[in-house]
């Protein structure tokens, strides 16, 4: 495989708890009784689509742009305070770099969050491309962010490996016809949809190069 495309949240950085904290804080300020289980319904989605999702599901009229920006600002604050790389991240990236593999990051998060994370973890040097689904018409589970990333790398989708932690992200990788490795945030209990992935790892400590 010529290119390796990494998701970010919940895969490179343990930011899913930060997303839950940020969403619960901002949605609660708007008068919504929000909880962790509700957060998990939208893992892997763009934040503007998360706000639209809850507007539709709960018949609300939250301002999409302002609410999204408030959540992102809270998330970045938490990343800067507490962000750490997940197990195996540096080793996997270094292995790929030493073997002259092309590496990209494709996330549902905005570029300002991507930039905050790669700076906090000091991993920007590994990536040839950083791409956000904010520039696509549709976010994950649609494959657009991965297809655009492959195009930026000038590599066919079928020659790419995607590393994902969420159902929405995994299905985006599969829809892009890329070999998709799943590293779920909550590996237990095993979910039926895990079987859709090419393989399932507990962390990037299990990394092996395809």
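Derivation of every value follows stated rules applied to the coordinates shown; laboratory data play no part. Predicted, not measured: the structure shown is a model, and the values here were computed from it. Backbone-built Cβ (ideal geometry, glycine too); neighbour counts: all protein chains shown.
Per-structure values
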| read-out | value |
| --- | --- |
| Cα-based equivalent ellipsoid of region 114-170: semi-axis lengths in Å, sorted from largest, via gyration tensor | 19, 15, 12 |
| Packing-based order for 73-82, 130-139, 17-26, using average beta carbon neighbours within 10 Å, highest first | 17-26, 130-139, 73-82 |
| Rounded tilt (10° steps) of 111-121 against the dominant C-alpha axis of the chain | 60 degrees |
| Fluctuation leader among 144, 33, 165 - the chain, Gaussian network, Cα springs under 10 angstrom | 33 |
| Contour excess over end-to-end distance, with Cα ends at residue 206 and residue 53 and 0.36 nm allotted per residue | 51.6 nm |
| Cα Rg, Dmax, region 40-115, angstrom units | 16.3, 51 |
| Among beta bridges that DSSP assigns inside the chain, antiparallel share in %, nearest 5 | 5 percent |
| Alpha carbon Rg of region 16-82, scaled by the compact-globule rule 2.2 N^0.38 Å | 1.01 |
| Degrees separating the helix 47-57 axis from the principal Cα axis of the chain, which is the longest one | 50 degrees |
| Kirkwood hydrodynamic radius over Cα pairs of the chain, then Stokes diffusion coefficient at 20 °C and 1.002 mPa s, in µm²/s | 125 µm²/s |
| Diffusion coefficient, µm² s⁻¹, Stokes-Einstein with Kirkwood Rh over alpha-carbon pairs of region 71-164 at 10 °C and 1.306 mPa s | 112 µm²/s |
| Estimated 222 nm signal from helices in the chain, with DSSP H stretches of n ≥ 4 weighted -39500 (n - 2.57), rounded to 500 | -13000 deg cm²/dmol |
| Helix 144-153 vs. the chain, principal-axis angle (Cα, 0 to 90°, nearest 10) | 40 degrees |
